[in-house]
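The values are calculated or read from the model by the stated rules, or taken from the named source; none is laboratory data. Just so you know, these numbers come straight off a predicted model, no measurement behind them. Cβ sites come from the backbone with ideal geometry, for glycine too, and all protein chains shown count toward neighbours. All accessible areas refer to the heavy atoms of the entire protein, side chains included, with ligands and DNA or RNA removed. Shrake-Rupley method; radii C 1.70, N 1.55, O 1.52, S 1.80 Å.
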Amino acid sequence: SSLKEICAGLPLDPLPQNRGRDPSVPHAPVRTPNLTAAEERLALGNALRYFTPALHPTLAAEFAQELRDYGHIYMYRFCPALHMRAYPIDQYPCRTKQAAAIMLMIMNNLDPAVAQFPQELVTYGGNGQVFSNWAQFWLVFHYLSIMTEEQTLVMYSGHPLGLFPSLPSSPRCVITNGMVIPNYSSREKYDKMFAMGNTMYGQMTAGSYCYIGPQGIVHGTMLTVLNAGRRYLGSGDLRGRVFVTSGLGGMSGAQAKAAVIAGCIGVIAEVDEAPLKKRHEQGWLMEVTSELNHCIQRIREAKKAKTTLSLGYHGNIVDLWERLYQEYKQTGELLVDLGSDQTSLHNPFSGGYCPVQLTFRQANQLMNTDPQRFKTLVHESLRRQVEAINKLSCVGMFFWDYGNAFLLEAQRAGADVEKKGGGATVFRYPSYIQHIMGDIFSLGFGPFRWVCTSGDPADLSETDAIAAAVLEEISTTVTENVRQQYNDNIRWIREAGKHKMVVGSQARILYSDQKGRVYIALAINQAIAKGKVSAPVVISRDHHDVSGTDSPFRETSNVYDGSAFCAGTHRHTHNTSLHTL
């Protein structure tokens, strides 16, 4: 299929061949929504509403089988044959460049080089959906292809509500995801509602179409590690310092690259070989080992030589923590300075966390065949993990929660993470916002991202140079606190090209305050007008944008006036600020 065909609406006559699941790409774990017979009928009816009644006999049996086999109706038959990637903007058949830019961003989110489970429309985090099924993809692309600059596409949890009259100055696309009444927003009810096609969790940049690959989080992770060194170790020079953590998936994959850019020794445990290989092949991970002895040996060597290293340990993080404490007990040498965790504990029982008692394959089977037993093992594993972390912290390691609900789930598991005399959101370890990033956010700094829609690396290099020059000029006129943030970002942007961080679209991220954003955007606009940048540039953000997200164990974990559980208004509008002079 071509881009033109993809914009022509759902292919119904003839129906595309059902090629099933592609064995060459990773797939989401089987969902277990535990639907009743009546709920299964609803799920089926909701999926069939995208198709004319004449097709229902063919599709009903197929969709029912998907629901039984995978716990969700993805509509694999309608997964496009076209290679999914961010094509240059001029190739999209559209009436407005803004619609073409949204198409480019959606396709980037579903690019197999970028997406975690591309055929299940999951970009990252194990359950961050772009759409709920492939019919929605086709409908959205059709709407975008016919949209004018006086229309807005309204999206509800993957479902296009249609094109509505608006103004050229209005957003071209307005998105809400996961809008569930609080009384009914338990994990069990969400699983059912997602399976029935009623709601969808879009994570932060999957269902808002502005994920830019793990680079988007590399920068924030680099700043976190750098500022953790300043805060806990008294120095921004991290040579010979060891940072131990877990996860090399869509978000967590950034940790390896960030550790190297920050100049330390990053050791990252990962149970799933697929993302481990992916990061190694991308060059984000310098070395890989599945042997604990070799892992410990490489830490010692790199520490002694003060060489920068990113080492992927193919195994369970709990085994690594326990071994690190064992080494300390035997030799008196503490081999870790900084510690954290990025397993997907917002999704602990459906593939986000692998208990140490099981192999990765066993875990994927047990969560489906005996969910209750699996849950018990997850809790046991978390208690062991925390016990090892606590012992290492007592002898000098600094640990923080990375906003992945690690401490929250550990608390639910009965692990020793509570701070004596603390309130509901206060644990014995801080969140990364609380101790590290909060100070940066309080200065008005947050993620500022852009995508060069030409797909030309030369455009990205030009915008890098523009951003660095703008920040250097502004940094002479600000306070010392703000200047340090500008300088960290200038260093980042000057080295960004060298670190080869582009995966998918030609994108870049840095942190800036409002002044920096405005000046960079204006400078990019002028560069497009003068032909120095060959095509429009999409300007976007991330969930760490100032006031972007309220999560009481993450963004508002350091709010002590009792309002940590009070959400501000948080909506995703797709702010594809398109600079097209």
Just give me the residues in region 145-167 being farther than 18 Å from Met193 by Cβ, open to solvent by 40 Å² or more (accessible area, probe 1.4 Å), touching a residue at least 24 places away in the same chain (Cβ under 8 Å) and not aliphatic (A, V, I, L, M), in sequence order. Thr148, Glu149
Among the residues of region 27-51, count how many are open to solvent by less than 60 Å² (accessible area, probe 1.4 Å), assigned to a loop (DSSP other than H, G, I, E, B) and out of contact with any His (no Cβ under 6 Å at 6 or more places or on another chain). 9
Identify all residues within region 76-98 that are out of contact with any strand residue (DSSP E or B) (no Cβ under 8 Å at 6 or more places or on another chain) and more than 29 Å from Ala61 (Cα to Cα); write none if there are none. Arg85, Tyr87, Pro88, Ile89, Asp90, Gln91, Tyr92, Pro93, Cys94, Arg95, Thr96
Restrict the check to region 324-333 and report whether at least one residue is buried (at least 21 other Cβ atoms within 10 Å of the Cβ) and over 25 Å from Met501 (Cβ atoms). yes
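Filter region 116-133 down to the residues that are hydrophobic (A, V, I, L, M, F, W, C) and open to solvent by 10 Å² or more (accessible area, probe 1.4 Å) and list them by number.
Phe117
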Please state which of the following conditions His435 fails to meet, knowing it meets all the rest: (1) open to solvent by less than 10 Å² (accessible area, probe 1.4 Å); (2) closer than 30 Å to Arg541 by Cα; (3) in a helix (DSSP H, G or I); (4) not β-branched (Val, Ile, Thr). (1)
Residue, most open to solvent (accessible area, probe 1.4 Å), within region 84-110, restricted to residues that are part of a loop (DSSP other than H, G, I, E, B) and touching a Ser or Thr at 6+ places or on another chain (Cβ under 8 Å): Arg95
Residues of region 168-208 being surrounded by fewer than 21 Cβ atoms within 10 Å (Cβ to Cβ), over 20 Å from the mean Cα position of the chain (by Cα) and in a loop (DSSP other than H, G, I, E, B), in sequence order, are Pro168, Ser169, Ser170, Pro171, Val180, Ile181, Ser185, Ser186, Asn198
Would you please name the residue that is most open to solvent (accessible area, probe 1.4 Å), looking only at residues in region 209-245 that are closer than 28 Å to Arg85 by Cα, in contact with a helix residue (DSSP H, G or I) (Cβ under 6 Å, 6 or more places away or on another chain) and of a type in the set (Val, Ile, Thr)? Ile217
Would you confirm whether or not region 291-305 contains a residue that is without any contact (Cβ under 8 Å) to a residue 12 or more places away in the chain, assigned to a loop (DSSP other than H, G, I, E, B) and open to solvent by 70 Å² or more (accessible area, probe 1.4 Å)? yes
Can you name every residue in region 338-353 that is open to solvent by less than 20 Å² (accessible area, probe 1.4 Å) and either over 14 Å from Thr32 (Cβ atoms) or not in a helix (DSSP H, G or I) (or both)? Leu338, Gly339, Ser340, Asp341, Leu345, Asn347, Tyr353
Identify all residues within region 504-520 that are among the hydrophobic types (A, V, I, L, M, F, W, C) and surrounded by fewer than 19 Cβ atoms within 10 Å (Cβ to Cβ); write none if there are none. Val518
